[in-house]
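One structure is given here, and the rest of the page talks about it.
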Amino acid sequence: MKPKVIVIVGPTASGKTSASIKLAKQIGGEIISADSMQIYKEMTIGTAKPTIEEMEGIPHYLIDVVSPDETFNVTKYKEFAEKAIEEILAKGKTPIIVGGTGLYVSTLINGIEFAEVGEDFEYRDEMTKMAEEKGSEYIHDLLKKVDPDAADAIEVNNVRRVIRALEIYKLTGKTKTELDKESRKEVKYDYKVYGIETPREELYNRINVRVDKMFEEGLLDEVRNVKTKYKISSTAIQGLGYKEVIEYIDGKVSYDEMVDKLKMETRRYAKRQLTWFRREEKIKWFGLNEIVEKILEEIAI
């Protein structure tokens, strides 16, 4: 019998944090974040990390792990996450993976072992310059033409990951999506995967409220601090919420334009998250108000 691991996914602002903490308290669980931005230290408000009060005493893993100027990727995430799973199981507790980064979740539940692919720094520089001159949407469209599935999963503003996907295609002649499928191995754990289903209008309202709350809590000061301390080109600073605020700080947009753009981009991101998760057949979908009870029913069988 493989050890049981619970996974809760869903788009941003869907209520994953509250649901997972409620579940953890009932089953003796501990939580592992599957969020590509919460991994970074000093980036708290913009990544919607749960506060100490919100955690309600439940241990959380893979939050505040690396500095914003450090490189972090899905291979490292899988290594860190499986180590956390083992630590939790060793305590006699149930691991609960929680997050909205589809690539991170897919890598775990499908047992993906990434093939070693080389690097072409000259090509990266060329594409980076192109993104600066023509915009991030331009190179994202290039990726969409060769690997639409990867393009759906990678945020337009995440220039580094878009370029890497294009680089993989250039070096191997295969898309990132093809390589991911080829790299699936036997899964180590018995993953029980659940998704939070939220009506679109309700989800968009939750996103608007969240963005407003972020600014009330001091998102501007947080971004100024990170921008001052770390290179603007670092992986972390390109994340949703930070890029938009930096445009305001640099005087490129007004305050209202920044807020509106962040809400719009967050809605778009939520849509992309759902597109990714809808392709994953292992996910069972429930509403926020019923998901904990449904999980309890299922794992008791």
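Points worth noting:
- Highest mobility in the GNM of the chain, judged by mean-square fluctuation with C-alpha springs under 10 Å and restricted to A131, A34, A150, is found for A131.
- Violating pairs (Cα-Cα greater than 24 angstrom) within the set K22/K192; K16/K229; K76/K192: K16/K229
- Cβ-based charge dipole, the chain, positive-most Cα from I88, V66, T128: I88
- Environment charge of L203, counting only residues whose C-beta is closer than 10 Å and scoring Lys/Arg +1, Asp/Glu -1: +1
- The gain in end-to-end length when the N73 to K229 segment is fully stretched comes to 54.0 nm, 0.36 nm per residue minus the alpha carbon separation.
- By the helix-only formula, in which each DSSP H run with n ≥ 4 contributes -39500 (n - 2.57) and the sum is divided by residues, the chain has a 222 nm mean residue ellipticity of -16500 deg cm²/dmol.
- Candidate lysines - alpha carbon under 16 Å from K188, same-chain residues fewer than 8 apart omitted: K2, K4, K78, K83, K282
- Within a Gaussian network of the chain (alpha carbon springs, distance under 10 Å), most fluctuating of G92, G111, G239: G92
- Length gained when the stretch D125-E86 is fully extended (0.36 nm per residue, less Cα-Cα span): 10.1 nm
- The range 121-181: relative contact order in percent, alpha carbon pairs under 8 Å with at least 6 residues between: 30 percent
- A straight chain from T275 to E293 at 0.36 nm per residue would run longer than the Cα-Cα distance by 3.9 nm.
- Normalising the average separation of contacting C-alpha pairs (under 8 angstrom, six or more residues apart) by the number of residues puts the relative contact order of the chain at 28 percent.
- Going from the fewest other Cβ atoms within 10 Å to the most, the residues R161, R210, R272, R200 appear in the order R200, R210, R272, R161.
- The magnitude of the dipole of the range 208-301, with charges of +1 and -1 set on the Cβ of Lys/Arg and Asp/Glu and taken from the Cα centre, is near 500 debye.
- Partners for K144 among aspartates and glutamates (Cα-Cα distance below 16 Å; same-chain residues under 8 apart left out): D152, E155, E167, E178
- Nitroxide proxy distance, nm - points 7 Å out along Cα→Cβ at T51 and K185: 4.2 nm
- When the Gaussian network model of the chain links Cα atoms closer than 10 Å, the mean-square fluctuations of Y138, Y204, Y189 top out at Y138.
- Nitroxide proxy distance, nm - points 7 Å out along Cα→Cβ at K4 and K284: 1.1 nm
- Looking at the range 149-251, the GluC sites (Glu not before Pro) that sit in a DSSP loop and have at most 11 other Cβ atoms within 10 Å of their own Cβ are E186.
Just so you know, all these numbers are worked out from the coordinates, no wet-lab data involved. What you see is a predicted model; the values in this text were computed from it and never measured. As a convention, Cβ positions derive from the backbone with ideal geometry for all residues, glycine included, and neighbour counts pool all protein chains shown.
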